[in-house]
Amino acid sequence: MKPTNLIRPLVEGLQAYIPGEQPRISGLIKLNTNENAYPPSPQVIRAVKAAVDGRLRLYPNPTAQRLREGLAKLHRCRPENVIVGNGSDELLAMAVRAFVEPEAAGARGRCQGFTPSYSLYPVLARQHGASWSSVPLDPDFALPPASTLARTRGWMPRAALTFVTTPNAPSGRGYATSELAALCRALSGVVILDEAYVDFAAEHAMALALERPNVLVSRTFSKGYSLCFQRVGYFVGPRDLIAALDKIRDSYNVNGLGQVGALATLNDLAYYRRNFRRVIETRRRLGADLAALGFRVQPSQTNFLFARPPRFPAKAWLAKLRARKILVRWFDAPGIRDYLRITVGTDAEARAVVRAASDILS
């Protein structure tokens, strides 16, 4: 018997999600996965270190109760409106399982989104045996109006689950709450507004999760709060949708040190808000400096820039920057393969990017 004969045909035919590269190269300026340029606050480091004690033999709180209470206070809702996951990716996968019928025809078995967007979404749909469809964003990466979407082939107003990355990744484009509200009103299935980068944006849509019966807002402690290593994310939304997700949540799904670190983060928000402002200012200067060199830099409401480089193809720029120990991200996908995605690092890292680009063009 061949081991491959024991694998479900659906799984055998899947393509796994490919995360950003995590090399360990001395002196590398790593700007490829949108990690925060700055470390967690000293208060958070102290709290996590203090929790490395005899508690490690015990299971953590199964529902992350204290963290949910803290998040509910932050967002002016009730703990029953919040669920915490092992990173927001776990919750995105749970949403597909909770709200989409596998192998069902029509809207009940449909997940949908936009292109370009977070490439995990179609992977999650196909893992579940659901159908996936996407429609292109406008050429400037704006959301098509709901009236246009209603006439767009492949778009279903009654789709079981719709993903919207806001601000968009990989383009960095931000969306007004008013246009997101119009989109949500036009959809009768569950809508996830994935706000992974919202801490660097001009506005957010959290109110929609507490007003609309079909809207969940996804947040993470990874990007704005420097806790990628601990994998903590959360959803806010209607109590009934949160309760449905809780039914399929893994037991003890959020590790104890992650809960401690995230809760301590909520107690030192002033530190992080200063860092948000630093990143936004560095983003402004880096964008202007790259534009002066001939890059076509898209407007960004995130901690990265999406830029079309001059003279050489983007793939060649990826290699040329790597040769100078600067790692950025390039996507071999239609509509975006002419661009580089560059994480906004520290001021020193941003200056290094500009120096390297100038050297490449000289």
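Quick notes on this structure:
- Shape category assigned to the range 1-147 from the gyration tensor of Cα positions, a/c cut at 1.5: rounded
- Three-way shape label, the range 147-297, alpha-carbon gyration tensor, a/c 1.5: oblate
- Rolling a 1.4 Å probe over the protein heavy atoms gives the range 213-352 an accessible area of 44 Å² per residue.
- Taking packing as the residue-averaged number of other Cβ atoms within 10 angstrom, the listed peptides 187-196, 333-342 run from highest to lowest as 187-196, 333-342.
- Annotation for ASP53 and LYS73: the two label points, set 7 Å from Cα along the Cα-Cβ direction, are 2.1 nm apart.
- Accessible solvent surface per residue of the range 12-65, calculated while the other protein chains remain in place, 1.4 angstrom probe, Å²: 66
- Residues of the range 217-260 with amide N under 17 Å of the 7 Å Cα→Cβ point at THR177: 217-219, 236-238
- Global form of the range 129-196, assessed from the alpha-carbon gyration tensor, a/c cut-off 1.5: rounded
- The calculated FRET efficiency for GLN22 paired with ARG324, based on their beta-carbon distance and R0 = 25 Å, is about 0.85.
- The residues neighbouring THR33, those whose beta-carbon lies less than 15 Å from its own, together hold a net charge of +3 under the Lys/Arg +1, Asp/Glu -1 convention.
- Take the Cα of ASN5, step 7 Å toward its Cβ, do the same at THR346, and the gap between the two points is 5.8 nm.
- Per-residue [θ]222 nm for the chain (sum of -39500 (n - 2.57) over DSSP H runs n ≥ 4, rounded to 500): -11000 deg cm²/dmol
- Local electrostatic count at LEU14 - Lys and Arg +1, Asp and Glu -1, tallied over other residues with Cβ under 14 Å: +1
- Taken per residue, the accessible surface of the range 137-206 reaches 37 Å², heavy atoms only and a 1.4 Å probe.
- Fraction of accessible area attributable to carbon and sulfur, the chain (%, probe 1.4 Å): 53
- Note on the chain: antiparallel DSSP beta bridges, both residues inside, total approximately 45 percent of the bridges counted.
The values are calculated or read from the model by the stated rules, or taken from the named source; none is laboratory data. None of these values were measured; they are calculated from a predicted model. Cβ atoms come from the backbone with ideal geometry, glycine included; neighbour counts cover every protein chain shown. Side chains are part of the model used for accessible areas, which takes the heavy atoms of the whole protein and leaves out ligands, DNA and RNA. Shrake-Rupley method; radii C 1.70, N 1.55, O 1.52, S 1.80 Å.
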